[in-house]
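Structure record follows, encoded as structure tokens.
We did not get these values from a lab; they are worked out from the coordinates using the rules stated. All figures in this text were calculated on a predicted structure; none of them were measured in a lab. Cβ: placed from backbone, ideal geometry, glycine included. Neighbour counts: every protein chain shown.
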Amino acid sequence: MVATADAKRHAAKIVRRLKTAYPIARCALNFKTPLELLIATILSAQCTDARVNMVTRDLFKKYRSAADFARAKTPDLERAIQTAGFFRMKAKSIQGASRKLVEEYGGNVPQDLDALVELPGVGRKTANVVLGTAFGIASGVVVDTHVTRVTRRLGMTSQTDAVKIEQDLMAQIPKREWIDFSHRVILHGRQICAARKPKCSICPLKDICPKIGVADGSLLD
Ligand code: SF4
């Protein structure tokens, strides 16, 4: 994927403005170790980060290692994560991933994208979150629902598939910005460029944003 010079210039302006608007770029999920971030990210599917943080506050006291999660009784784990939603599927992913970590990586989280996406329940998004936020490794751009919506409105991509959106963004943005860009776009999507009512009048990007799909509502999700 090659980005045009215009696309790169547009992206550079967006990166600069977002840096000024959100100087502190951090993940909203609470964690102390790469394993905790991996589990929290699995739990965050279809769930708010605030809810995940409530669940993990107790969960991480009870289960402290990949081995703890791997040998937990499934109904106990399901109960512990129930309020995060989709708890059966998430418990299955957490236990499947933890077993593989114990069996193949000595209970540690591998610092490698290909290895991470082989873990049950872990896709590129989760792998990018863990590598970028826990290890500082820029493996890609995290594409979640906020990044999808906001970057499409900003005209940075016209794709709907997360992998293709990520390819467009990686081509336009310097690698050193990938990790923080995702955090900032997610913040921006939560605070200003909301799905239903984007606050364009107070948006720091309003003069450079083509607002694609905003007027006709086609990009509201
Ligand atoms: S101008 Fe509106 S559509 Fe564009 S990024 Fe800002 S809030 Fe979103």
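Roughly how many Å is it from the Cα centre of the stretch 138-174 to that of the stretch 52-104, as a whole number?
Each part reduced to its Cα centre gives a spacing of 30 Å.
Using a simple spin-label model with points 7 Å from Cα along the Cα→Cβ vector, what separation in nm is obtained for Ile137 and Ala50?
Each label point lies 7 Å from its Cα, and together they span 3.4 nm.
When N is the residue count of the chain, what does its C-alpha Rg come to as a fraction of 2.2 N^0.38 Å?
1.06
Is there a quick way to get the dipole size of the stretch 1-128? I mean about its Cα centre, with the Cβ of Lys and Arg at +1 and of Asp and Glu at -1; what is the value in debye to the nearest 20?
Roughly 560 debye, rounded to the nearest 20.
For the stretch 156-208, what class follows from the C-alpha gyration tensor (a ≥ b ≥ c being the square roots of its eigenvalues): rounded when a/c is under 1.5, otherwise prolate if a/b is larger than b/c, else oblate?
Prolate.
Evaluate the relative contact order of the stretch 160-221 (contact order divided by residue number), counting alpha-carbon pairs under 8 angstrom at least 6 apart; express in whole percent.
RCO, the stretch 160-221: 19 percent.
Assign one of three labels to the stretch 92-221, namely rounded, prolate or oblate, based on the Cα gyration tensor with a ≥ b ≥ c the square roots of its eigenvalues; rounded applies when a/c is under 1.5, prolate when it is not and a/b is larger than b/c, and oblate otherwise.
It comes out prolate by the Cα gyration axes.
Under the rule a/c < 1.5 gives rounded, and otherwise a/b versus b/c splits prolate from oblate, where does the stretch 121-197 land using the Cα gyration tensor?
prolate
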